[in-house]
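Accompanying notes for the structure given below.
No lab work stands behind these numbers, since they all come straight from the coordinates. Please read these numbers as outputs of a predicted model, since none were measured by experiment. Note that we place each Cβ from the backbone using ideal geometry, even for glycine, and neighbour counts take in every protein chain shown.
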Amino acid sequence: MKMRILHRYIGFFLAGIMAVYALSGIVLIFRDGDTFKSEVQHKEKLKPNLEEEALGDALGIKRFKVAKVEGNNVFFEGGTYNSETGQAEYTTKELPYVLDRMTHLHKAKSSEPLYMLNVIFGLSLLFFVISSFWMFMPGTDLFKKGMIFAAIGFVLALVLLFV
């Protein structure tokens, strides 16, 4: 009986967190495209005469690659950099602020404070998995059907992971 009570109240507590994770997970599915993103114009003053790798790091652009150089102007996807003045102008595509913050839940690293929420959430979900087997008496038809569905879900997850 105590397992049911724990399961119920932890479930109510985590309902909001699960809703945020669900929405941010859906947004992350589309991260390889521009769905939900809008263009943002940037103008930055950088150090002059930066090399390609240093320029990419300074701009925070992953997989940065120079397309061409004409005089003092360095052209790259979405922008330009004047190597004499250090002026950079470029366009990025970014998620709206709220969606961007929500997706950081899934991508939190152990060096960020959010990682503890991820650990607690993961452990809570693991508790849900384990405690659900105490919700019904073993040997009953309902328990047996539940075990069949659990096995099907486990196999489906493995198939989707490795196919």
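Helices in the chain, meaning DSSP H runs of at least 4 residues, each add -39500 (n - 2.57). Divided by all residues, the mean residue ellipticity at 222 nm is -17500 deg cm²/dmol. The antiparallel fraction among DSSP beta bridges confined to the range 38-94 stands at about 100%.
When the chain is described by a simple charge dipole with +1 on each Lys and Arg Cβ and -1 on each Asp and Glu Cβ, the residue from Gly25, Leu105, Phe149 located farthest towards its positive end is Phe149. Please find the FRET efficiency linking Lys62 to Tyr9, where r is the Cβ-Cβ separation and R0 is fixed at 45 Å, and quote it to the nearest 0.05. With a Förster radius of 45 Å, E is 0.60. Across the alpha-carbon set of the range 38-94, the Rg to Rh ratio works out to 0.93, Rh being the Kirkwood radius.
Subtracting the Cα-Cα distance from 0.36 nm times the residue separation, let me have the gained length for Ala150 to Glu70 in nm, one decimal. Don't skip to the answer; put the middle values down first.
On the way: separation 80, 0.36 × 80 = 28.80 nm, distance 6.19 nm.
Between Ala150 and Glu70, full extension yields 22.6 nm more.
Sites counted here are trypsin sites (Lys or Arg not before Pro) in a DSSP loop (not H, G, I, E or B) having no more than 11 other Cβ atoms within 10 Å; the longest part of the chain that contains none of them is 1-61. Summarising the label geometry, the points placed 7 Å from Cα in the beta-carbon direction at Asn82 and Val159 lie 6.1 nm from one another.
For the cross-link pairs Lys65/Lys109; Lys37/Lys107; Lys37/Lys62; Lys43/Lys109, the ones whose C-alpha atoms lie over 22 Å apart are Lys65/Lys109; Lys43/Lys109. Treating the chain as a set of equal point scatterers at the Cα positions, no solvent, please give the Debye-formula log₁₀ I(q)/I(0) at q = 0.11, 0.18, 0.19 Å⁻¹. Reported log10 I(q)/I(0), two decimals: -0.70, -1.18, -1.24. If the chain linking Asp141 and Glu89 were pulled fully straight, counting 0.36 nm for each residue of separation and taking away their Cα-Cα distance, it would gain 12.1 nm.
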